[in-house]
1. So how much slack lies between residue 120 and residue 82, counting 0.36 nm per residue of separation and subtracting their Cα-Cα distance, in nm?
2. Pick the calculated P(r) over Cα pairs in 10 Å bins from 0, in percent for this structure from (i) 10, 22, 17, 14, 12, 10, 7, 5, 2, 0; (ii) 12, 42, 29, 8, 5, 3, 1; (iii) 12, 38, 33, 15, 2?
3. Taking only DSSP H segments of four or more residues, each worth -39500 (n - 2.57), what value at 222 nm results for the chain once the sum is divided by all its residues, to the nearest 500 deg cm²/dmol?
4. In degrees, nearest 10, range 0 to 90: what is the angle between the Cα axis of helix 2-65 and the longest Cα principal axis of the chain?
5. Can you work out the PRE-style zone for residue 35? Point 7 Å along Cα to Cβ, and I want the residues of region 96-122 with backbone N under 18 Å.
6. How far, in degrees from 0 to 90, does helix 71-99 lean away from the longest principal axis of the Cα atoms of the chain, to the nearest 10?
7. In degrees, nearest 10, range 0 to 90: what is the angle between the Cα axis of helix 105-126 and the longest Cα principal axis of the chain?
8. Excluding ligands, DNA and RNA, what is the solvent-accessible area per residue of the chain at a probe of 1.4 Å, expressed in Å²?
Amino acid sequence: MRLLWSLPKAAPALLRHLVAYVDLASLDLARAQREITAELLTSAIAVICGLFAVFMGCLAVVAYTWDTPHRMTAIAWMGGGFLVVAIVAVAYLSNAARAKSPLLDSVRREWQEDRVLLERILSSDQE
């Protein structure tokens with residue numbers, strides 16, 4: 001019953017916190033959108049430029065070694081090089097995914113702090 005009596009006292013603080021949570025969530029979502037946009041744009045540029053560079057490099061190697069007995073060796077080495085680059089890229093991507101900040105992290109952190117305070121306020125009125 002005391003919980004109902006303490007609700008009018010706690011309502012303004014709860015509403016302020018609710019508005020603050022919405023603000024934090026919007027900031028977190030905006031940050032996540034900026035991060036995702038930057039990642040996509042740089043990834044697209046890197047992939048397109050890298051693809052053209054690889055095509056031109058492969059074309060140059062094949063053209064240079066075409067009339068020699070080393071053309072199959074050159075093609076095999078290029079395939080191995082692509083495999084090594086792919087493995088390094090996957091390792092980098094997994095490290096980048098682990099280092100990424102969680103979505104709505106600041107909202108979660110603030111809620112953990114405020115939940116303790118709210119429990120104290122509500123429990124002190126019931127005693």
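The values are calculated or read from the model by the stated rules, or taken from the named source; none is laboratory data. What you see is a predicted model; the values in this text were computed from it and never measured. Quick reminder, even Gly has a Cβ in these numbers, built from the backbone with ideal geometry, and neighbours come from all protein chains shown. Please note that ligands, DNA and RNA were not included when accessible areas were found on the heavy atoms of the full protein model with its side chains. Shrake-Rupley method; radii C 1.70, N 1.55, O 1.52, S 1.80 Å.
1. Full extension of this stretch gives 7.7 nm more.
2. Matching entry in (i) 10, 22, 17, 14, 12, 10, 7, 5, 2, 0; (ii) 12, 42, 29, 8, 5, 3, 1; (iii) 12, 38, 33, 15, 2: (i).
3. Dividing the helical sum by the residues of the chain leaves -33500 deg cm²/dmol.
4. The two axes meet at around 0 degrees.
5. The answer is 96-111.
6. 10 degrees
7. 20 degrees
8. So the chain comes to 81 Å² accessible per residue, rounded to a whole number.
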